[in-house]
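Below is one structure; the comments refer to it alone.
Read-outs: derived from the displayed coordinates by stated rules, not from any lab. Not measured: the values here are computed from a predicted model. Backbone-built Cβ (ideal geometry, glycine too); neighbour counts: all protein chains shown.
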Amino acid sequence: MKLDGIHHITAITGDARRNLDFYTRVLGLRLVKKTVNQDDPTAYHLFYSDEGGSPGSDLTFFEYPGARRGRPGAGMIYRVVYRVASPDALRFWEQRLGGEGVAPSGDERRLTFADPEGLGLEIAVTETKDEPLVALHPEIPREHALQGFDGVHAYSADPDGSRSFLEETLDFTRVHEGSYVARGGHRGSFYKYEEADRAGIPGAGTVHHVAWASPMEEHAAWRQRVLEGGGFPTPVIDRFYFRSIYFREPSGILFEIATLGPGFAADEPLEHLGERLSLPPKFEPLREELEKALTPLPNPREGRVRA
């Protein structure tokens, strides 16, 4: 069994409207699901992705209105890396971000910057045979668009303490000290540590967890492998759009293994993803109450000519 790289990454925002504007208008991603945190349905769960809501491109956010900004530390992911196809694409993003008052730093292969709440982001030129996962946007040429995740950077007080679990239990491949790749039959992603012992502070602009992708038929076997490897996975949880297990790897980062399906078209047509509040059936009786409590959000594609 091999995990198919990153399935999705979930972070925290204190301002859903600003978050929506940055990730859809500025970065050009598509809002593919506007739903709720199934462990706390009073909070949004927003999914930004490629045109089809594909695993490997979903950056998601829980909204806790007015949440104070956090700070990544040991046991937390501190940077999310997206792929682009060429140095020309990188130059496009340098200009586009600069026009939004964002000052990226980097070189001819990568740009690093932060979202409005301080979440660390990077855009990297990546040579890969993986399918490019692209969203359509009228201001962003397709050849310059973000193409899905390349990987994540994490802080650990003891990176070597995670090595056997990552290599032997999760079958990650170590490419050099503190750096790993998870690659399955369709996609791959890197997972890289920087040693740090400072305490993290969860909050707006921090990553809550990273999810790795598994075929549905292997999901139960992955839970058993985590158990046998010394982990403490949750039972399999039906999230309606996918199935999930959660556990912490030895460095403290919260991992999820999520299935490749059923997918976001389970309750709304592909062409209308993200346009209305989607609720898994068990939350549907709460719709009226939740629609009153959640932050009103516009449809970011309404009236827009698509690329």
Compactness of the stretch 153-297, expressed as Rg and Dmax over alpha-carbon positions, Å | 17.8, 52
Whole-Hz ³J(HN,Hα) from phi, Karplus 6.51 cos²θ - 1.76 cosθ + 1.60, for the stretch 220-231, glycine and proline x | 5, 5, 5, 4, 5, 5, 4, 4, 5, x, x, x
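Would you tally the net charge around Phe47, using a Cβ to Cβ cut-off of less than 15 Å, leaving Phe47 out, and scoring K and R as +1, D and E as -1?
On the way: positive: Arg30, Lys33, Lys34, Arg239, Arg276, Arg301; negative: Asp50, Glu51, Asp58, Glu63, Glu256, Asp267, Glu268, Glu275.
My count for the surroundings of Phe47 gives -2.
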Counting Lys and Arg as +1 and Asp and Glu as -1, what is the net charge of the other residues whose Cβ lies under 12 Å from the Cβ of Asp160?
-> -2
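Which value in Å is the Kirkwood Rh of the stretch 256-297 over different Cα pairs?
Values: mean 1/r = 0.0826 Å⁻¹.
Result for the stretch 256-297, one decimal place: 12.1 Å.
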In the neighbourhood of Pro132 defined by beta carbon distances under 13 Å, the net charge of the other residues (Lys, Arg +1; Asp, Glu -1) is -3
What are the extents of the Cα atoms of the stretch 1-51 along their three principal axes, listed from largest to smallest and rounded to whole Å?
-> 40, 28, 16
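Against the 2.2 N^0.38 Å scaling, with N counting residues, where does the chain land? I'd like the Cα-based Rg ratio to two decimal places.
Computed over Cα atoms of the chain, the ratio equals 0.95.
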If the cut-off is a Cα-Cα distance under 20 Å, which lysines reach Lys192, setting aside same-chain residues fewer than 8 apart in sequence?
-> Lys2
